[in-house]
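Read through the structure below, which is laid out as structure tokens, and then see the notes.
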Amino acid sequence: MSALLWVVLVATGAAAAPAVVERVEAEYPAWARGTGLSTRVALRVRVSAQGRPERIVVEPYSTRDDVLTRPLRASFDSAAIRAVRHWGFRPAMQAGRPVVGWIRVEVSLQEAWTRSADPHAVMPDSLRSSEHWNAVMGEWWRVPIRRTPVGHPSALQFRRGGWYLSRTAAGGESRGRFELSSNGSLDDPAAVLVLVPDAGGGRRHYLIHFAARDTLILSPWRTAGVCDTFVATARGTGR
């Protein structure tokens, strides 16, 4: 903080907000280990004049478009709160004296292996060798039963290492990482595919179902009555 700004704050009585000076990594929920699920938890923290977190409140959020239901998300919230209780803070300052103040913080929760440049090489065996993971590898083309909806892929290619390439009917391309959560069986009715574009724009969630080894059905998350059917090309390639 510059000397001029400090003088202005002291003279006007305006408070300088608290600040984080030390972070402790949150412990990933035990039930989710091996799934690759990741999320961020936003918290508001009341910091005492001594720099201790007196009160921690989870900011309101919606699970409408989230792959995690509210009860499952609660375990990530609790892990974030436990971690922040051990964080170090610099208290708010007013008129040159430490005072109580509020600060907003975000806690990221993800498994260490998902941060690898090649997550497939280090991911848990339960995920890496799952039937679902192996079956999705390769290139898939959308069956032209009807016109491809705007924003839906007309072709998808999945590669080892957790990378994907998506093409639209207009010829556009999107690349990024993908995540696959399932019980390992092709019959899993709750398997979820998540596309994470390199260019940003948000995570895209799909329910994924194999009608046959070479027929893949994707349904956008929480969009009733909408699905896209893909068939494999060059069967066996990349598998």
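None of the figures in this text is laboratory data; all of them are computed from the coordinates on show. All of these numbers come straight from a predicted model, not from anything done at the bench. Because the Cβ atoms are built from the backbone with ideal geometry, glycine has one as well, and the counts that use them run over all protein chains shown.
A few notes on this one:
- Length added when fully stretched, Thr233-Asn134, from 0.36 nm per residue minus Cα-Cα: 34.1 nm
- Less than 5 angstrom separates the built amide H of Ala92 from those of Val99, Gly101, all sequence-distant by 5 or more or on a different chain.
- If R0 is 25 Å, the Cβ-Cβ spacing of Trp141 and Thr69 corresponds to a FRET efficiency of close to 0.15.
- Highest average packing first - 189-198, 16-25, Cβ atoms within 10 Å: 189-198, 16-25
- Theoretical FRET efficiency, 1/(1+(r/R0)^6), r = Cβ-Cβ of Val20 and Ser62, R0 30 Å, to 0.05: 0.70
- Theoretical gain in end-to-end length, Glu27 to Arg175 [0.36 nm per residue, Cα-Cα removed]: 50.2 nm
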